[in-house]
1. Just the residues that are hydroxyl-bearing (Ser, Thr, Tyr), modelled with pLDDT under 95 and outside any loop (DSSP other than H, G, I, E, B), please, taken from region 1-27.
2. Within the set of pairs 6+ apart or on separate chains, which have a first residue in region 224-237 that is at pLDDT 95 or above, a second that is surrounded by fewer than 18 Cβ atoms within 10 Å (Cβ to Cβ) and among the charged types (D, E, K, R), and C-beta atoms under 6 Å apart?
3. How many residues does region 151-172 hold that are in a helix (DSSP H, G or I), open to solvent by less than 90 Å² (accessible area, probe 1.4 Å) and out of contact with any helix residue (DSSP H, G or I) (no Cβ under 7 Å at 6 or more places or on another chain)?
4. Against the definition (in a helix (DSSP H, G or I) and closer than 30 Å to Glu135 by Cα), how does Ile212 come out, yes or no?
5. Got a sec? Which of Ile100, Ile122, Ile133 is part of a strand (DSSP E or B) and open to solvent by less than 30 Å² (accessible area, probe 1.4 Å)?
6. Among the residues of region 115-142, count how many are of a type in the set (D, E, K, R), more than 14 Å from the chain's Cα centre (by Cα) and under 22 Å from Ser88 (Cα atoms).
7. Please go through (1) part of a helix (DSSP H, G or I); (2) out of contact with any helix residue (DSSP H, G or I) (no Cβ under 6 Å at 6 or more places or on another chain); (3) without any contact (Cβ under 8 Å) to a residue 60 or more places away in the chain for Leu148 and return the number of the only condition it doesn't satisfy.
8. Would you mind telling me which numbered condition in (1) open to solvent by 20 Å² or more (accessible area, probe 1.4 Å); (2) modelled with pLDDT under 95 Leu114 fails?
Amino acid sequence: MPKTNKRNKSAPNTVVFLVEGESDQIALENPLSELIFDKNPDYEVRFLLQQKVINSAGDEVDDEENEDDEDTFLDEDEYESGGDITTSSFVTPENIVRKIENRFIKPVTKAEGLYPRRIAMIYHIVDMDGAYIPEDCVIPFAPERAFLEKPYYDGERGVIEARDVVAIRERNERKQKNLDYLISLSSQGIKIGSRTIPYEIYFFSSNLDHVINNNANLDGGKRALADAFLRKFGLYPDRFCQFFSDNSIAIGHKGYYESWEEIKTGANSVRRLTNLDFLIRSLRGEFI
């Protein structure tokens, strides 16, 4: 459900978070919203997942034909909610901003009237998925993991094990290019409709579960664990902020752009790290 300030439900300013999955929303929406409300009591906060077009087999298909038609929206059985837009084979640096508008913003514009003119800020939170590790650190499955279908992220060894090594290397290259471009937009914002909106992008490495549960390879039970994190930390802003300021995982204190350079270095993008502490400090007004 949208997180809305109860003191002013008609607030004209909205902060939008773009996230990959339901677990992100469960774990992060309440505490980040409270940090925003503390400084901006008349704001609203929305967590959005992309609406990805799929075919009858459940495979992603290109949504290019819908991008320029504001009146064209998909029926519920034709799209899938969530996922990582930066790894899509249909997304490139040349079209990713348009894809963000089409997949995240337009569905809520049509359904709920959230127009770009109401958006004060866009925060994008992504999983790193080992995107920047050297190619030779993507290796075949060890024998004991040969039965797995999904990649296995090993932060201690700094490798990704996979059934199809070439496919993961290609995915990483695609994700690197898209992330590099999005990071570059932090200084200028992104154009949604006719409006340029301030934009920042943050990361979990290898993913949300790695950071909050110390397990990068969860296969089930993610919602329950995200809910447990919410009950333990997300309902208590001070605990939440303290968790993400732990220097064993937090590198945002190095600086926004510096944290991105750090995560790109060596095998760091498969290790347990995040720069969400930078966002938290910013929302608390510590840079003013």
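1. If the condition is that a residue be hydroxyl-bearing (Ser, Thr, Tyr), modelled with pLDDT under 95 and outside any loop (DSSP other than H, G, I, E, B), then Thr4 is the only one that fits.
2. Cβ pairs passing all conditions: Phe233/Arg239.
3. Qualifying residue count for the region: 5.
4. Numbers: in a helix (DSSP H, G or I): yes; closer than 30 Å to Glu135 by Cα: yes.
Considered against the rule, which asks whether it is in a helix (DSSP H, G or I) and closer than 30 Å to Glu135 by Cα, Ile212 comes out as yes.
5. Ile122
6. First, pick out the residues of region 115-142 that are of a type in the set (D, E, K, R): 117-118, 127, 129, 135-136.
Imposing the further condition that a residue be more than 14 Å from the chain's Cα centre (by Cα) reduces the set to 117-118, 135-136.
Cutting the leftovers down to under 22 Å from Ser88 (Cα atoms) gives us 135.
Number satisfying all stated conditions: 1.
7. The failed condition is (1).
8. With respect to (1) open to solvent by 20 Å² or more (accessible area, probe 1.4 Å); (2) modelled with pLDDT under 95, Leu114 is out only on (1).
The values are calculated or read from the model by the stated rules, or taken from the named source; none is laboratory data. Quantities reported herein were computed from a predicted structural model and do not represent experimental measurements. No Cβ is skipped: glycine too gets one built from the backbone with ideal geometry, and neighbour counts run over all protein chains shown. What goes into the accessible areas is simple: the full protein's heavy atoms, side chains included, and nothing from ligands, DNA or RNA. Shrake-Rupley method; radii C 1.70, N 1.55, O 1.52, S 1.80 Å.
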